[in-house]
Structures are given as structure tokens and as C-alpha cells.
């Protein structure tokens, strides 16, 4: 049934798999087929031809945005596709993009960061050079309004960059390296995680720390962060525990921990995201699986 169906196929291959499941004497109950049966309206699988290290849908729902390549900052490509057809509409020599798709960020061979407008291809604001005393970039993110970028630099440097003015504020207070950064959806705060097991919240205008650090209470750290749309909850992975955690961002209290899923993981959780309605959390792992959770309880939903 599946002969000659190559990797990266389209909706026809999906339909063949679904048909095989229905007619087999002993159907495979594996996670892949379960997932396919749960999503029979799958439209297309897009073969990008390269490793994709970031993907998202633009806030207007019109474009699929992906960053692919070797994960080297100066050897990566951002590709925009029409969300309806999957056809490529634009490509840029860049390694990340803003949530609305209006801007991309590139890193040149001379270690210069430059933001470009995706409609004109022209630079936006002056370029900036990361601290010469620091090492490689560890993590970064555009603000929700695409006007700022927060970026972490090895070993323990954190910068808040106003794109149009070129002003860069260095944020201080870390004793060890920075493992993850994220903006709160209203753009007024930045959340960071550190290898010292702390979570910190910062003012996105002044760069000042707003409260005492939240402690993860064991020798663990988080490299993947996501904040709920209302800004009240923070979702983190666990470098050592391999599960997700849900925190109250105001009080610093741990609300829930995905214990069951953590026990099943054979590799680290590397990414987390919150659905737009705030009801679901999605995690991606190095064991090549994706898990969906209830956003209130952190209980896994369905098979991976």
C-alpha cells in the first residue's frame, strides 16, 4: 500500500496511511497513525529540503514562516509560504522572524545584527554589534510589536535592543549563563531563565528587574519559555527533569508539573508553546515527538 511513498509526501500519502489502518487485519495503534486519524483534514506536508529549527504562522494567519539551515546564525534562511497553498512567497538570508512576519533578523560574517523589512528588503534602523567581550548568541526574541529584540549572549550577558533607534540596554544581575528569553504578550515585560535555576522578570522599557527571581527549587534550568496570552502564566521545560512546568508569573508559585509525560521522555523537551485560546500547551522533544497538555493541569492529552 505504501510502496513508493517517499518522505515529505503530500495529502495522498496521508490518505494511503489512513486507508492502510482501516483495512489491516491488525491495525497499528502507534502514535503516528493515531495522530493521523485524529486529523483527517491534513492538507499538505511540505518538504523544506533542510532542517527547520523554527516555524510559526503569522499573526494574521496568512503566512507560514520557517527558519532552516545548520542553526549557525550566519548560515540560515527564513522562508515565507502562503498558508493556503504552501507555496514559497519570499526568502531571506536570516535566522529568525517577528511574530507578524514584518521583520527578519540576520547575522553577518562580521558579527553584526541587522533587522530588515520583509516587504522592501531594506534595513530597519542601525545594525548593532553584540558585546565584544561576550561569546556566541544563546537565545533571542522579537517583541510582540516587532520594535525590540531581547538577546542573550554567552556567558551571562542580556541585551534589550530598540531596533529603530539602535539603543541597546544591557540588563544585569546574572551569576551564571542565560538559558532562555521570552516577551510577555503585552510587550511590557521580558522573562528569562538562567543556568542557576532562576526565572527573572524585567521591565521591557528600562531593562530593570521587576521582582525577586523565581527559583526552580532544584538543580535544574529551563531553555524553552512561553507566556500565556493574559501574561499570568509561564510555561517552561526542564533541562534535567524533561517535563513541562506551569508557573504563576505574579507570585512565582509552581501551579502544575507534567510528571507523567516527563517520566516517558527519553530526551529533553526543547520547545514549548501556548495555543491562542490559552487552553492547550504544546511541547517538542529531542525524541522526535510532540505532546499536547491541558493548560490548567499539565496533564498530557492523547497519544504522542
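Which whole-number percentage describes the relative contact order of the stretch 162-224, with Cα contacts under 8 Å and a sequence gap of 6 or more?
Taking the mean separation of contacting Cα pairs over the length of the stretch 162-224, I get 28 percent.
Could you order the peptides 293-300, 50-57 from most to least packed, using the average number of other C-beta atoms within 10 Å per residue?
On the way: 293-300: 17.6, 50-57: 14.0.
For the peptides 293-300, 50-57, the packing ranking is 293-300, 50-57.
Normalise the Debye intensity by I(0) for the stretch 84-223, one equal point scatterer per Cα, no solvent, then take log10 at q = 0.11 Å⁻¹ and round to two decimals.
Relative scattering, expressed as log10 I(q)/I(0), comes to -0.42.
Normalising by the residue count of the stretch 48-121, find the relative contact order in percent from Cα pairs under 8 Å and 6+ residues apart.
Details: 164 pairs, mean separation 16.4, N = 74.
For the stretch 48-121, the relative contact order is 22 percent.
With 10 angstrom as the radius, rank 97, 174 by how many other C-beta atoms surround their C-beta, starting from the fewest.
Values: 97 25, 174 19.
Fewest-to-most ranking of 97, 174: 174, 97.
In which sequence would 76, 66, 136 go, from the one with the fewest C-beta neighbours within 10 Å to the one with the most?
Numbers: 76 22, 66 18, 136 12.
By the 10 Å Cβ count, ascending: 136, 66, 76.
At a 10 Å Cβ-Cβ cut-off, how would you order 257, 159, fewest neighbours first? Don't jump to the answer; show the numbers that get you there.
Working: 257 17, 159 22.
Starting with the residue having the fewest Cβ neighbours, the order is 257, 159.
Give the shape of the stretch 74-136 as rounded, prolate or oblate, defined through the alpha-carbon gyration tensor: a ≥ b ≥ c are the square roots of its eigenvalues, a/c under 1.5 means rounded, and otherwise the shape is prolate if a/b is larger than b/c and oblate if not. Mind showing how you got there, number by number?
Details: a/c = 2.81, a/b = 2.06, b/c = 1.37.
Since a/c reaches 1.5 and a/b is larger than b/c, the shape of the stretch 74-136 is classed as prolate.
Throughout, read-outs are computed from the coordinates displayed, never taken from laboratory work. Being a predicted model, the structure only gives us computed values, none of them experimental. Cβ: placed from backbone, ideal geometry, glycine included. Neighbour counts: every protein chain shown.
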